[in-house]
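So the structure is just underneath, and the comments pick up after that.
The values are calculated or read from the model by the stated rules, or taken from the named source; none is laboratory data. Just so it is clear, the structure is predicted and the values come from calculations on it, not from any experiment. No Cβ is skipped: glycine too gets one built from the backbone with ideal geometry, and neighbour counts run over all protein chains shown. The accessibility values were calculated without ligands, DNA or RNA, using every heavy atom of the protein model including side chains. Shrake-Rupley method; radii C 1.70, N 1.55, O 1.52, S 1.80 Å.
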Amino acid sequence: MDDIRFAVLGTGGIGRRTLEVSQHKDGLTAVAACDRNGVAIDHSGLDVDELLEATEGNIASGPEDASGTTPATPADDYASDGGAAAVEGGGGGVKQHGEQAGIVASSQGEPTETPIDDIIAESDAIDAVLLALPNLEHDFIPRVAERFAGADYEGVMIDVLKRSRVIGMLDDREDLLKESGITFVCGAGATPGFLTGAAALAAQSFVEVEEVEIWWGVGLKSGYEDNRGTVREDIAHLDGYDIETAREMSEAEIEALIDEHDGVLEFHDMEHADDVLLERAGICDADDVHVGGVLDVRSDEKPTTTTVSVTGTTFDGETGTNTFELDDATSMEANVNGPALGYLKAGVRNNRAGHYGVFGPADLMPGF
Ligand code: IKT
């Protein structure tokens, strides 16, 4: 495959790690990146090391984290008023103590009030756009897709969103995306994403799938600051919480909740799009997919091994469970960003073959 020129919208944890991982993969050139206050574009290739150094640990700059959500000020700037204003206005609380924060701290960054529009304006020369944006407002990413389609973008868009209900919102826009020539790969992080693809592969032994069980473990001690957003987003899945209550929690309230649980939060029946993505690929009913896991913010060790178990019946009447397991040594960052870039490449292959519309990770695996 020819060189893939890609852009990253958002330079929080996910955006930065994607840029970093892309340097270890063949054929990927980062040509554009933005955050809410700035944009860096260089069609011959960004100096990724410089960009990372300028933005690393700079939490004021990066409203997103590895899950694409906002650590300190969730959804207020990027997402809550949606569309252009959310991403392109914002500004509140971004620069602190007179310091330059985020992309504008990089020598390649330019301040802008319209970062996404600035990238859309250059999108003729961009093969793929990775949306590392917060999505605590469910329709935010679908609306960003709409804006690219409105500008007749022809290429790949890819996100690492989590919630099942967002997939339908993308499907609602599929005609628009197809008309434009967009291949939209949704839910392409770890879960959904890597683990959804693993389930699709594990299902191949069976003619009927009864159950898919995804159980993840994440140790986030050193990555905690960078991933406050994913913790907030995960809290929204706990009993007694939802997206709104989690969004409204102060950092002190989050710390108190974490303290109450001695740093270890356990999740069951999360609304993760692995379910609808496996159903739309014809593998099983969404109701038969269960996602849960354990997050330890006080240790970098995984508190439990990440596994995908697929139980089904073979053509010759045997019942079995195929299990896919991640090594405990692999980090969440490796398991989110590596697959995201892998799916990005698969998206580009499809786009170049003229396959447009909305694709989930399971659609990019062997058919069922
Ligand atoms: C995600 O970012 O995909 C979801 C997060 C879980 C990641 C699982 C990684 C598994 C591993 O590294 O072993 C979480 C639900 N926010």
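Long-range amide H contacts for C284: which residues qualify at under 5 Å (H placed 1.01 Å from N, peptide plane, sequence gap of 5 or more or a different chain)?
E279
For a quick check: with amide H placed at 1.01 Å from N, whose amide H comes under 5 Å from T183's, ignoring anything fewer than 5 positions away on the same chain?
G155, V156, M157, G357
Only bridges with both residues in the chain count here: give the DSSP antiparallel percent, nearest 5. Mind dumping the intermediate values first?
Working: 23 of 53 bridges.
About 45 percent, rounded to the nearest 5.
Report the local net charge at E154: Lys and Arg +1, Asp and Glu -1, summed over other residues whose C-beta lies under 12 Å from its C-beta.
Around E154, the surrounding residues sum to -2.
Heavy atoms of the protein only, probe of 1.4 Å, neighbouring chains included. What is the accessible area of E56 in Å², nearest 10?
80 Å²
If I take every Cα pair under 8 Å that is 6 or more residues apart in the range 112-171, average their sequence separation and divide by the length, what percent do I get for the relative contact order? Display every interim value, and only then the final one.
Details: 41 pairs, mean separation 25.9, N = 60.
Normalised by residue count, the contact order of the range 112-171 is 43 percent.
Would you give the gap between the C-alpha center of the range 119-164 and the C-alpha center of the range 294-341, rounded to a whole Å?
The distance from the Cα centre of the range 119-164 to that of the range 294-341 comes to 28 Å.
Check which residues have an amide H placed less than 5 Å from T29's amide H, if you skip close sequence neighbours.
For T29, the qualifying residues are I4, R5, F6.
If you roll a 1.4 Å probe over the heavy atoms of the protein chains, what accessible area per residue do you get for the chain, in Å²? It would help to have the intermediate numbers written out before the result.
Details: 14040 Å² over 368 residues.
Counting only protein heavy atoms, the per-residue value for the chain is 38 Å².
Using label points projected 7 Å from each Cα along Cα→Cβ, tell me how many nm separate K25 and E211, to one decimal.
3.4 nm
Given the range 194-328, what whole percent of its Cα pairs are spread farther than 26 Å? Working shown, then result.
Values: 2810 of 9045 pairs.
Of all Cα-Cα distances in the range 194-328, 31 percent exceed 26 Å.
Assuming R0 = 25 Å, can you tell me the calculated FRET efficiency for the pair D316 and D285, based on Cβ-Cβ distance, to the nearest 0.05? Write out the running numbers ahead of the final one.
Details: r = 23 Å, r/R0 = 0.92.
E between D316 and D285, to the nearest 0.05, is 0.60.
Out of the total accessible area of the chain (probe 1.4 Å, heavy atoms of protein only), what percent is carbon and sulfur? Spell out each step's value before the answer.
Working: 6250 of 14040 Å².
C and S fraction of accessible area: 45 percent.
Checking understanding here: applying a Kyte-Doolittle mean of at least -1.0 and a length along the axis of at least 27 Å (C-alpha), which whole DSSP H helices in the chain pass? Working shown, then result.
Numbers: long enough: 332-352 (30 Å, -0.53).
Membrane-span-like by this criterion, though nothing is claimed about a membrane: 332-352.
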